[in-house]
Amino acid sequence: MTDRIAGGLTGKTRVLAVFGAPVEHSISPAMHNAAILELGMDLVYVPFRVEAADLPAAVEGVRRMGFLGVNLTIPLKEPAVKLVDELSELSARIGAVNTLYWKEGRLCGHSTDADGFILSLEKEMGKQSGEGKAGLPAEALVLGAGGSSRAVCFALASRGVRLTIANRTIERAETLVQELGLDKGVKVIPMEEKLLRRVAASSPLVVNTTSIGMVYDSSQSPLPSDCFYPGQIVYDLVYNPPETRLLAEARRQGALGVNGLKMLVYQGALSFELWTGVFPSLDTMETAAGNSL
Ligand code: NAP
């Protein structure tokens with residue numbers, strides 16, 4: 001920590017960054033710079049547009065220019081696996097890296113998405129139950145089998161939650177189950193309305209990891225409107241718009257709706273802790289992130 005005046009850079013300012021393509025929409029700079037200012041650290045967090053083909057050169061730049069740390073977003077999380085000196089067990093398992101950080105002079109890769117998802121889910125469930133911390137449900141329906149689904153499925157399955165995974169491209173879900181080495185009891189189903197209605201209506205936890213409902217597609221929902229019930233938890237990883245059609249319909253029927261901003265903020269805070277050793281204020285980060293949507 002320094003006596004640095006908020007917002008000013010010094011000759012010793014260290015750089016944090018997010019690499020991705022596109023990256024212009026990212027709310028990570030707002031969220032991390034808010035934490036940096038609050039903590040009075042001599043750091044700055046900057047977005048860089050990096051295409052997948054340029055990632056090896058960009059990571060070499062991280063090494064040579066002494067960046068303190070980097071977040072990776074689409075489409076760089078998977079190719080980054082091969083570019084670090086040391087990969088966490090979790091990243092090796094899910095095949096993705098969202099955070100580069102230094103440990104004893106070695107550039108390490110880890111993914112904070114899985115813990116960001118679980119910790120934010122437990123926190124929201126705890127608030128709802130009024131007991132601070134609530135146990136995870138025994139089973140869950142996960143919609144989608146892309147990159148974020150890998151982190152979510154791994155996080156839930158490794159905590160003993162029985163999974164049903166629904167995806168438009170069924171083979172992709174089957175590959176996910178195989179590559180993550182998930183239990184044979186995991187069910188894979190197609191995204192068919194009748195089947196989804198039946199499975200969702202009996203799932204205590206539903207997680208949307210598809211991009212359906214995002215701001216350019218906000219009239220859509222991945223589920224029929226009539227399959228929710230009081231006490232059910234519906235977590236939508238989509239965070240823009242903050243209230244997706246899925247969340248609005250779930251809440252209307254009494255379910256606890258959790259917006260993807262919670263996971264985004266938690267995974268960011270976990271990255272920040274890896275870089276600086278300090279766990280930042282989730283409230284500060286969430287306010288800054290929400291304001292920049
Ligand atoms: P991804 O790897 O591209 O996967 C996209 C998923 O959505 C696939 O399962 C895909 O199905 C499905 N999908 C897309 N369009 C569809 C449609 N019209 N009908 C049915 N299924 C459709 O993307 P991702 O990285 O996992 O991201 C997915 C969403 O999660 C995005 O909205 C992203 O912003 C959000 N996200 C949020 C956080 C957070 O911290 N809150 C973190 C990561 C991602 P197919 O396999 O059939 O193509």
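Among the residues in region 164-181, are any touching a residue at least 24 places away in the same chain (Cβ under 8 Å), away from the ligand (no atom under 16 Å from the Cβ) and surrounded by 13 or more Cβ atoms within 10 Å (Cβ to Cβ)?
Among the residues of region 164-181, not one is touching a residue at least 24 places away in the same chain (Cβ under 8 Å), away from the ligand (no atom under 16 Å from the Cβ) and surrounded by 13 or more Cβ atoms within 10 Å (Cβ to Cβ), which makes the answer no.
Criterion first (at pLDDT 95 or above and over 17 Å from the mean Cα position of the chain (by Cα)) does Glu273 satisfy it?
no
If you go through region 25-77, how many residues are farther than 14 Å from Ser271 by Cα, more than 13 Å from the ligand (Cβ to nearest atom) and within 18 Å of the chain's Cα centre (by Cα)?
Total satisfying the criteria: 2.
Against the definition (over 19 Å from Arg93 (Cβ atoms), at pLDDT 95 or above and charged (D, E, K, R)), how does Arg198 come out, yes or no? Step through it out loud before you land on a result.
On the way: over 19 Å from Arg93 (Cβ atoms): yes; at pLDDT 95 or above: yes; charged (D, E, K, R): yes.
So Arg198 fits the description; yes.
Rundown of residues vs (1) in contact with a Lys or Arg (Cβ under 9 Å, 6 or more places away or on another chain); (2) under 19 Å from Asn208 (Cα atoms); (3) in a loop (DSSP other than H, G, I, E, B); (4) among the small types (Gly, Ala, Ser), yes/no style:
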{"residue": "Met125", "(1), (2), (3), (4)": "yes, yes, no, no"}
{"residue": "Gln128", "(1), (2), (3), (4)": "no, no, no, no"}
{"residue": "Ser148", "(1), (2), (3), (4)": "no, yes, no, yes"}
{"residue": "Ala151", "(1), (2), (3), (4)": "no, yes, no, yes"}
{"residue": "Arg172", "(1), (2), (3), (4)": "no, yes, no, no"}
{"residue": "Val177", "(1), (2), (3), (4)": "yes, yes, no, no"}
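Kindly establish whether Gly109 is away from the ligand (no atom under 16 Å from the Cβ) and under 28 Å from Leu76 (Cα atoms). Show your work before the answer.
Working: away from the ligand (no atom under 16 Å from the Cβ): yes; under 28 Å from Leu76 (Cα atoms): yes.
In short, yes.
Tell me, please, whether a residue that is without any contact (Cβ under 8 Å) to a residue 24 or more places away in the chain and either within 14 Å of the ligand (Cβ to nearest atom) or surrounded by 15 or more Cβ atoms within 10 Å (Cβ to Cβ) (or both) can be found in region 219-242.
no
It is to be established whether one or more residues within region 257-269 are within 10 Å of the ligand (Cβ to nearest atom), surrounded by 14 or more Cβ atoms within 10 Å (Cβ to Cβ), on the phi < 0 side of the Ramachandran plot and of a type in the set (Lys, Arg).
For region 257-269, residues within 10 Å of the ligand (Cβ to nearest atom), surrounded by 14 or more Cβ atoms within 10 Å (Cβ to Cβ), on the phi < 0 side of the Ramachandran plot and of a type in the set (Lys, Arg): present.
Only one residue in Leu90, Leu100 is crowded, with 17+ Cβ neighbours inside 10 Å and either away from the ligand (no atom under 16 Å from the Cβ) or closer than 16 Å to Ala21 by Cβ (or both). Which one?
Among Leu90, Leu100, only Leu100 is crowded, with 17+ Cβ neighbours inside 10 Å and either away from the ligand (no atom under 16 Å from the Cβ) or closer than 16 Å to Ala21 by Cβ (or both).
Let me confirm something: among Leu136, Leu141, which residue is part of a strand (DSSP E or B), more than 12 Å from the ligand (Cβ to nearest atom) and not hydroxyl-bearing (Ser, Thr, Tyr)?
Residue meeting the stated conditions: Leu141.
Go through (1) over 20 Å from Asp183 (Cβ atoms); (2) free of Cβ contacts under 8 Å to residues at least 60 places away in the same chain; (3) within 12 Å of the ligand (Cβ to nearest atom) and name the single condition Ala151 misses.
Going through (1) over 20 Å from Asp183 (Cβ atoms); (2) free of Cβ contacts under 8 Å to residues at least 60 places away in the same chain; (3) within 12 Å of the ligand (Cβ to nearest atom) one by one, Ala151 breaks only (1).
The values are calculated or read from the model by the stated rules, or taken from the named source; none is laboratory data. What you are looking at is a predicted structure, and each value in this text was computed from that prediction instead of being measured. Cβ: placed from backbone, ideal geometry, glycine included. Neighbour counts: every protein chain shown.
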